[in-house]
Amino acid sequence: MADTARRGESTMPLKTQLMRPAMDVLYYTGTYRLFKPAFGGVGAIFMLHHVRPADRRGPFSPNRILEVTPEFLEETIQWVLAQNYQIVTLDEAQRRLVEKDFQRRFVCFTLDDGYLDNYLHALPVFLKYRAPFTVYIHTGLPDGTAVLWWWLLEEIVRDNDAIAIRLRDREVLFPTDSLHRKTRAYNRIYWALRSMPPAVQRASVEAMLDRYPIDPAAFCRSTAMSWDRIAELAGGGLATLGAHTISHSALSWLSPEEIRREAAQSRALIAERTGAPVRHFAYPYGDSASASRREFKIIRDLGFATATTTRKGVLFSEHARHLEALPRVTLHGSYQHLRYIELYLSGAPVALWRGFQRLDVG
Ligand SMILES: [Zn+2]
């Protein structure tokens, strides 16, 4: 386990590598505790993607940041309970924010996209502690239409010693015959694809899959939770379902009509397939380049009770006026240690990065 984690670190983005010593100084000097009264907030929303046992994919695994082990999820639940946090639903978090009911600090667990491992490996842990959680469903997953290109790209880079890829109108050749070169190529291609408009991105990914054949539909089927299992989750009493669009496009590229269609249709489809009410939304990608003021207003006007971003931070009482732009705390695959949870819930790292601004909602 430790060996896998250590090898995994070598493919971490440089920014992540540089952040770790600063976080450790904050933690081990105890400085972070000084921040808690002003920056610890009233609660927090955890964000997860995959929950599954550590595997032996080897040193090149750039998407490992998106997965935590069931053991780490369990440790986190035990820790927050021991620290006297209450684990609540998003509905309850919304109520507490609106009614200013802050007698006890609270956390919510949210899982993005709707992966099969959520059902297989996260659900048993949540059941053991009767801990409520939310899964935001990207409907392309159970429908089998999602192209999980960041995973497909990882496979292609892992399996090849050189990659030729068309990025916009240029053919680029990347040598990928060492861990360092694979990491560099992955990051270059990943960010090039991430910064493209959805249609251009789709065309680039399709061209890549023509050249390096991986069946995206088969990959999607093996990775996604089926509608039956999603309905079973919803009927089990612990899980809340949220919407996460149909195509998982960065909303900032879409017209207002397209955003409304993506959000409203995914909400209607999840409700129709599961019988569960859908009151919450998570922005695809969720960073400030993918969702900001225009997108927040559209989602609020559609009547969602809350919407979560991937902007970092805990919840403050002021978020009652910004329920469509809630920050989250990531359970990060490269930071699977409780000291990072403790640090983030103190509010210290985000307060420092953001120049002591409590809110980031613009
Ligand atoms: Zn997502």
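The values are calculated or read from the model by the stated rules, or taken from the named source; none is laboratory data. Please read all numbers here as calculations on a predicted model, not as lab measurements. Every residue, glycine as well, gets a Cβ built from its backbone with ideal geometry; the counts of neighbours run over all protein chains shown. For the accessible areas, the whole protein counts, side chains as well, though only heavy atoms, and no ligand, DNA or RNA atoms are used. Shrake-Rupley method; radii C 1.70, N 1.55, O 1.52, S 1.80 Å.
Below, the figures for the structure above:
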item: Residue selected from the stretch 228-256 under the condition part of a helix (DSSP H, G or I) and open to solvent by less than 20 Å² (accessible area, probe 1.4 Å), by the criterion farthest from Leu269 (Cα to Cα); result: Leu251
item: Residue list for the stretch 90-110, restricted to those being surrounded by fewer than 19 Cβ atoms within 10 Å (Cβ to Cβ) and hydroxyl-bearing (Ser, Thr, Tyr); result: none
item: Given (1) part of a loop (DSSP other than H, G, I, E, B); (2) open to solvent by less than 40 Å² (accessible area, probe 1.4 Å), number of the condition Cys220 does not satisfy; result: (1)
item: Every pair of residues 6+ apart whose Cβ atoms lie under 9 Å, when the first sits in the stretch 62-81 and is under 14 Å from Asn118 (Cβ atoms) and β-branched (Val, Ile, Thr) while the second is at pLDDT 95 or above and open to solvent by less than 10 Å² (accessible area, probe 1.4 Å); result: Val68/Leu48; Val68/His50; Val68/Val51; Val68/Thr76; Thr69/Val51
item: Criterion violated by Trp227 - all others in (1) among the aromatic types (Phe, Trp, Tyr); (2) within 16 Å of the ligand (Cβ to nearest atom); (3) over 30 Å from Arg188 (Cα atoms) satisfied; result: (2)
item: Within the stretch 129-144, tally of residues that are farther than 19 Å from Ala218 by Cα, within 16 Å of the ligand (Cβ to nearest atom) and of a type outside the set (S, T, N, Q); result: 3
item: Conditions (1) more than 15 Å from the ligand (Cβ to nearest atom); (2) open to solvent by 20 Å² or more (accessible area, probe 1.4 Å); (3) part of a strand (DSSP E or B): number failed by Pro327; result: (2)
item: Check on Glu154, outside any loop (DSSP other than H, G, I, E, B), of a type in the set (D, E, K, R) and open to solvent by 10 Å² or more (accessible area, probe 1.4 Å); result: no
item: Set Phe60, Phe72: member being more than 19 Å from Pro349 (Cα to Cα) and modelled with pLDDT under 95; result: Phe60
item: Pairs, first open to solvent by less than 20 Å² (accessible area, probe 1.4 Å) in the stretch 265-285, second within 12 Å of the ligand (Cβ to nearest atom) and in a helix (DSSP H, G or I), C-beta under 7 Å, six or more apart; result: Tyr283/Leu251; Pro284/Leu251
item: Residue within the stretch 286-308 that is in contact with a Lys or Arg (Cβ under 7 Å, 6 or more places away or on another chain), within 15 Å of the ligand (Cβ to nearest atom) and not in a loop (DSSP other than H, G, I, E, B) present; result: yes
item: Hits in the stretch 39-56 (condition: of a type in the set (D, E, K, R) and either within 16 Å of the ligand (Cβ to nearest atom) or under 21 Å from the mean Cα position of the chain (by Cα) (or both)); result: Arg52, Asp55
item: Residue list for the stretch 100-128, restricted to those being in a helix (DSSP H, G or I), farther than 13 Å from Leu73 by Cβ and away from the ligand (no atom under 16 Å from the Cβ); result: Tyr119
item: Enumeration of residues in the stretch 122-151 that are more than 17 Å from the chain's Cα centre (by Cα), of a type outside the set (Asp, Glu) and either surrounded by fewer than 18 Cβ atoms within 10 Å (Cβ to Cβ) or in the same structural domain as Ala185 (by TED's automatic domain parsing) (or both); result: Pro124, Leu127, Lys128, Tyr129, Arg130, Gly144, Thr145
